[in-house]
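The values are calculated or read from the model by the stated rules, or taken from the named source; none is laboratory data. Quick caveat, the model's predicted, so the values are computed rather than measured. A quick note on method: Cβ atoms are made from the backbone with ideal geometry, for glycine too, and the neighbour counts reach across all protein chains shown. Calculation scope for accessible area: heavy atoms of the full protein, side chains included, ligands and nucleic acids excluded. Shrake-Rupley method; radii C 1.70, N 1.55, O 1.52, S 1.80 Å.
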Protein chains: 4
Amino acid sequence: MNEKRATGRGFGSDNQSGAHPRMLEAVTQANSGHAAAYGADPWCERASDSLRTLFGAHTDVYFALTGTGANVIALGSLCRPWDSVICPETAHINSDECAAPERVAGIKIVPVATSDGKLTLDLVRPHLTGFGNEHHAQPRVISISQATEYGTVYTAAEVRALADIAHEHGMVVHMDGARLANAAAFLGVPVREFTVDAGVDVLCFGGTKNGMLMGEVVLFFGNARNEVAPYMRKQATQLASKLRYVGAQFEGMLDHGLWLQLAAHANAMARRIAEGAQRIPGVRVTRAVQANEVFAVLPREVIAPLQDEFRFYTWDEAEGEVRWVTSWDSEPGDVDAMLARLQTLVGV
Amino acid sequence: MNEKRATGRGFGSDNQSGAHPRMLEAVTQANSGHAAAYGADPWCERASDSLRTLFGAHTDVYFALTGTGANVIALGSLCRPWDSVICPETAHINSDECAAPERVAGIKIVPVATSDGKLTLDLVRPHLTGFGNEHHAQPRVISISQATEYGTVYTAAEVRALADIAHEHGMVVHMDGARLANAAAFLGVPVREFTVDAGVDVLCFGGTKNGMLMGEVVLFFGNARNEVAPYMRKQATQLASKLRYVGAQFEGMLDHGLWLQLAAHANAMARRIAEGAQRIPGVRVTRAVQANEVFAVLPREVIAPLQDEFRFYTWDEAEGEVRWVTSWDSEPGDVDAMLARLQTLVGV
Amino acid sequence: MNEKRATGRGFGSDNQSGAHPRMLEAVTQANSGHAAAYGADPWCERASDSLRTLFGAHTDVYFALTGTGANVIALGSLCRPWDSVICPETAHINSDECAAPERVAGIKIVPVATSDGKLTLDLVRPHLTGFGNEHHAQPRVISISQATEYGTVYTAAEVRALADIAHEHGMVVHMDGARLANAAAFLGVPVREFTVDAGVDVLCFGGTKNGMLMGEVVLFFGNARNEVAPYMRKQATQLASKLRYVGAQFEGMLDHGLWLQLAAHANAMARRIAEGAQRIPGVRVTRAVQANEVFAVLPREVIAPLQDEFRFYTWDEAEGEVRWVTSWDSEPGDVDAMLARLQTLVGV
Amino acid sequence: MNEKRATGRGFGSDNQSGAHPRMLEAVTQANSGHAAAYGADPWCERASDSLRTLFGAHTDVYFALTGTGANVIALGSLCRPWDSVICPETAHINSDECAAPERVAGIKIVPVATSDGKLTLDLVRPHLTGFGNEHHAQPRVISISQATEYGTVYTAAEVRALADIAHEHGMVVHMDGARLANAAAFLGVPVREFTVDAGVDVLCFGGTKNGMLMGEVVLFFGNARNEVAPYMRKQATQLASKLRYVGAQFEGMLDHGLWLQLAAHANAMARRIAEGAQRIPGVRVTRAVQANEVFAVLPREVIAPLQDEFRFYTWDEAEGEVRWVTSWDSEPGDVDAMLARLQTLVGV
């Protein structure tokens, strides 16, 4: 990917946006005197309660700071050093975490090529081998991203099928939900339905990309709850002392469904891009637009000029494919301005 | 340590305090639209400039999130997996980081017993052996805490002596400055004098304990600057996407010396505790009070009742030694109230 | 793979054979009184000299015990924890070492699907990305097996092409030569030609599969020579105290080209199997037979009865593909007896 | 330690000796045709049976290659990455394994200063803290060497006391028995009495220093038996394919108590040195001589001349303390020659 600098709101990534005003309010309200450090504070406790309301009482809650950190806590708590994690080749844990999962969680990654960023039973099955063989890393986790790095979304049934095959083999399912809110908004069903109720064992629920200053949370469900996650979080250097500021943001985000509203808005802006773009001659939207990402092939010569004014990444130089990501703060006017400029550049 | 719950401002730890109002302002001002992620934003750039003004142009700057994270970045960037780090037994990296330095930085720790939390040449020398011997981990770092975990402070000359012996052996000096501001306020000399100018190679400069919401920074000086720290930071899961909020806080903290004012105040409050406490019969202040920590032996029976009203830790159950830590927001009234209660409990 | 027990010499693996008598002689001759431990003995020194005669003066020599150990020493000495190793999906380091390379060498593996166990420029190129990007593990090594796990062999020109592209990107080439002797015997050129002279930077030269009791050696060439390999070997737990017994075996093996004679014999026995097998109706040899391995699809119903008498593995249950591996001690009579039994089982 | 080269049998280390002739016979007898690799061979099976006869039926047996390898298998199988191992500062795992335990077993080491290389309850107790506290590595193992690196030996009662306190805290006891045979010969009781029956959970039983070519074995007892050791052994790169040669040596060693005879002889030679040395004016034996090591302070000026003729290490340059280690092949004449030379050098 190439990054081009441009001013103003763009479509480079949802992590280039700032924080929603309610998040600043939450932080400010939490800034009241002394509180026990490391998460034993009222804000983290209330946010944990909200999360248990959402995902069920049998949920263990560990707040964290970064997406990579959350994934490492999740995987490192459930794996031993000879365990492997089956994931799409495009998974963030494989492609964008600089081998932190291997080094810090202490796992082997088994990447699987996919067409759309999603694992299927047929893709997973060939890798369910070597159990009990000391020469092979032991398959322990099936890891999926919801939404995926291509903006696609698993249905509850698709998650269930993967969870069933995992559990049949004594394995567990990890869901990297850096964009969980966008998936939930797309699916339009209660978040439990495609997570804990579909057999997910550990979920990384992201806040940063959906309007927080910074904040993620790792949720272990049912039998995957364990006593080692506190140590794994500390070793992963993710245990902030003033964790109340993360807890307070989650409390605010879960209040009245703000998290879903923000994600639904971002998704709508992505659809607006896709619908407009595919009407422009020479532009082809290349992947299903389900969450808040749009991939498209543009005439090669218009990419750079467009990036001069609007932030976004070239995803595949060879193909001329670009990626636009929308955010909680994307506005229809932002979308329309970019589409207009694209139309102009394409000419006709 | 035992923790007792009490309401209100206490002396449990400087990380139990909240954030200074200027930090919230800084965060709010940085919350303006989109910005490049991962530190390539104007706030981080300006804060880096401020840090280079303070420590010299030959300084590489890596913002981080937690103290353990900063230490891991520092050590992991300068060490190979067969390298060892000589530090006081009481060092945070040895005693309070759950083996994260061993696991994530990939080092061996060589702990040294000290009387006051400070290394000396005589303490270090016996461990400067085994160079070039494949059976021994290779001594690579002398690590010191400034201020130490006992609230004591190294003079510039003391740092210089350790740096000289380190450099003579091809080693480097790491300074864990989670409480660097308190040390600087105590010494009353420019911070360069006892860090980079005294031969320190890598410094973890803490913000969280001195009034930030969350924020640390790793500074590599001179020849210790390196090209691997970016990868180490990413692997350590410390690379936040919206890093601008950390940069903005450092910018605000360094503006007009706020960091030193806050630390000087905390130090003064510690002295106020110490001076008052040692006038109370049966109470003995056990360590030099130089930064913002006071250690004292109390009559064993008064500890629990006092903790019912004021947060603080019992440091050494066997000795009846307690630890009081002051913060940027400690007030003389807080101190006096605790001392009055202590006086009452002691009776007479 | 399924293993069936059978008595006598079989084709299960070259590591199921014993040691050549000259190896026992070498060990016995080395058993003479005291000698410095850890490789500073006359036998290791003479064997090192022989290896430098074979591979050139600019060769650093580290004796080791197991193939996995040798690979870990090679990779761990040349990589930092954020580095990645591109290799065929079928590579021993990816498929048969239980994540030891990830855990102990501290690397990320990037497996590449191949048709015949060999990397090509076209297969490698898409993975030469992300240099300098802190979010990506840094491509550092192209690792190839010579001969491959499929018994195929790289020509010197093929190795050269991979080495050139590696070096253009600041990377290095690792050759896993657990069956290097078989490749050398097949190619019929001096071993230097397709290793150090073709640009290989580090070579694991295996002895165990070619008639030693136990013994491997890691050879670093030219600029890849380094000062850290001794520590990496010790940490990998591969530094035996009585290393003289490994050195003595290498000395014996290199004397008068015994290593090549043994490998040439094993290769010939593999060809004898292949030639006979492909004449049997219903039997199809599936891969080029270049070294000492033969892969073939058999009528499914004859596999188990044949394994009752002759050791060999089923490679691919789904396909009915089996693997026969010949050894230094395989005899024409062994081959002919198995072929005769196979002929009988197939019927006609 | 300084090493001086000298010819002939010396007292540098028991790992500088060769192999007992019966070991070569065992290896030769095992060199008969093909056998299943990786320990599934008749020699390893018979040796395992012999070990279970010696240590009890509830013993899991894992053959290994090096002492460091065996220790890593033992510790890595019983620990998680946040666990710590309490051991004497002088323990081989702390001082002579180049941080392999930290890196490969993935532990934190807590070294304890001792007077004689032996842990005691009083030395251990202060470190039994931090259980359940996520900021602290979790105390998991008490590790002792039997015999110690100073040639001292724990009685069964001393082992029992340490095991009891370990088990009370949910911890386990690891015994590094690189010189277990020497301890057994000294104590004169069945080896079970001071190992499994005294509460030891995992034992590394060394063969190399007691007359093998190469060979160690890790024994897990009772509840410490586990299903992960096979993976840990493979990852530690200790799983040799032709493991039968190690099994055969153990079989030979355990036959008719050869291991005890060899160790008893070495111990007797150490006593002969000690008795002779302490009669020489100016020579002071500094530690209890219980196993096969003698430590003594010599007049500084005689050390180098004596090393010109007899291999041994200077242990403590500052003190002028040397270490003599005897072996299974040390002869009275060797001892007497060295003592005579020492007498001459000291003069009178």
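Along the range A:78-88 the Karplus relation, 6.51 cos²θ - 1.76 cosθ + 1.60 evaluated at θ = phi - 60°, assigns HN-Hα couplings of 9, 10, 9, x, 9, 8, 10, 10, 8, 8, x Hz to successive residues, with x for each Gly and Pro. Across the range B:102-107, computed HN-Hα scalar couplings (Karplus, 6.51 cos²θ - 1.76 cosθ + 1.60, θ = phi - 60°) run 5, 6, 9, 6, x, 10 Hz from first to last residue, x flagging Gly and Pro. A simple spin-label model places pseudo-atoms 7 Å from Cα toward Cβ; at residue D:128 and residue A:167 they are separated by 4.2 nm.
Quote the Stokes-Einstein diffusion coefficient, in whole µm² s⁻¹, for the protein assembly as shown, based on the Kirkwood radius over alpha carbon pairs, a temperature of 10 °C and a viscosity of 1.306 mPa s. Spell out each step's value before the answer.
Numbers: Rh = 33.5 Å.
Once the numbers are plugged in, D ends up at 47 µm²/s.
The largest accessible area among A:160, A:179, C:103 belongs to the first residue in A:160, C:103, A:179, and the rest follow in falling order (1.4 Å probe, all chains).
Nearest 0.05, what FRET efficiency do residue C:271 and residue C:155 give at R0 = 22 Å with Cβ-Cβ as r? Mind showing how you got there, number by number?
Working: r = 18 Å, r/R0 = 0.83.
Efficiency for this residue pair is about 0.75.
Other protein chain C-beta atoms within 10 Å of residue C-beta, averaged over C:137-150: 1.
In this assembly of identical copies, the label point of residue A:115 (Cα plus 7 Å along Cα-to-Cβ) is separated from its counterparts by 2.3, 7.6, 7.7 nm, sorted shortest first. Equivalent-ellipsoid semi-axes for the range B:52-168 (Cα gyration tensor, √(5λ), whole Å, largest first): 20, 19, 16. I'd like the orientation of helix C:244-254 relative to chain C: the angle between its Cα long axis and the longest Cα principal axis, in ° from 0 to 90, rounded to 10. Here the helix axis deviates by roughly 60 degrees. Between the alpha-carbon centres of the range A:18-47 and the range A:286-321 there is a gap of 38 Å. Evaluating kT/(6 pi eta Rh) at 10 °C and 1.306 mPa s, with the Kirkwood radius of the range D:244-316 over Cα pairs in the Stokes-Einstein relation, gives 110 µm² s⁻¹.
If DNA, RNA and ligands are ignored and the probe is 1.4 Å, what is the ranking of A:169, D:34, C:256 by accessible area, most exposed first?
Working: A:169 70, D:34 20, C:256 155 Å².
The residues order as C:256, A:169, D:34, largest area first.
Helix B:258-277 and the longest principal axis of the Cα set of chain B meet at an angle near 30°.
Accessible surface buried by the D/C pair amounts to about 4500 Å², both sides summed, 1.4 Å probe. Using a Förster radius of 22 Å, what is the FRET efficiency between residue C:113 and residue A:284 based on their Cβ-Cβ separation? Nearest 0.05, please. Using R0 = 22 Å, I get an efficiency of 0.20. Ignoring the sites themselves, chain C has its longest run without GluC sites (Glu not before Pro) in a DSSP loop having at most 13 other Cβ atoms within 10 Å at C:1-226. For the pair the range C:144-214 and the range D:52-70, the centres of their Cα atoms are 37 angstrom apart. For residue B:234, the lysines whose Cα comes closer than 17 Å to its Cα, not counting residues fewer than 8 places off in the same chain, are A:234, B:242, C:108. Summed over the residues of the range C:259-345 and divided among them, the accessible surface reaches 40 Å² per residue at a probe radius of 1.4 Å.
The dipole here belongs to the range C:259-345: it is taken about the Cα centre, uses +1 on the Cβ of Lys and Arg and -1 on the Cβ of Asp and Glu, and is about 260 debye.
Simple point charges give the picture: +1 on the Cβ of Lys and Arg, -1 on the Cβ of Asp and Glu, and for the protein assembly as shown a dipole about the Cα centre of about 0 debye.
How large is the Rg to Rh ratio of chain D when both quantities use alpha carbon positions and Rh follows Kirkwood?
Working: Rg = 20.3 Å, Rh = 20.7 Å.
Reported Rg/Rh (Cα atoms, Kirkwood Rh): 0.98.
In the assembled protein chains, residue C:84 presents an accessible area of approximately 10 Å² (probe radius 1.4 Å).
Counting only protein chain heavy atoms and rolling a 1.4 Å probe, the accessible areas of A:245, B:38 rank, largest first, as B:38, A:245. Karplus-based coupling profile of the range D:91-101, in residue order and whole Hz: 4, 3, 5, 8, 9, 10, 10, 6, 6, 4, x, with θ = phi - 60° in 6.51 cos²θ - 1.76 cosθ + 1.60 and x standing for Gly or Pro. Around the amide H of residue D:84, modelled in the peptide plane, lie the amide H atoms of D:108, D:138, D:140, D:141, all under 5 Å away and 5 or more residues distant in sequence or on another chain.
Can you give me the % of accessible surface on the protein assembly as shown that is carbon or sulfur? Probe 1.4 Å, all protein chains present, nothing else counted.
Result for the protein assembly as shown: 49 percent of the exposed heavy-atom area is carbon or sulfur.
Based on protein heavy atoms only, the range D:22-256 ends up with 28 Å² per residue of surface accessible to a 1.4 Å probe. Shown for the range A:229-276: residues covered by the partner protein chains by 40 Å² or more of accessible area relative to the chain by itself (probe radius 1.4 Å), namely A:231, A:234, A:235, A:237, A:242, A:245. Take the Cα of residue D:226, step 7 Å toward its Cβ, do the same at residue D:304, and the gap between the two points is 4.9 nm.
Which value, in debye to the nearest 20, describes the size of the charge dipole of chain A about its Cα centre when Lys and Arg Cβ atoms bear +1, Asp and Glu Cβ atoms bear -1, and nothing else is charged?
Numbers: 30 positive and 40 negative charges, 61 e Å.
About 300 debye.
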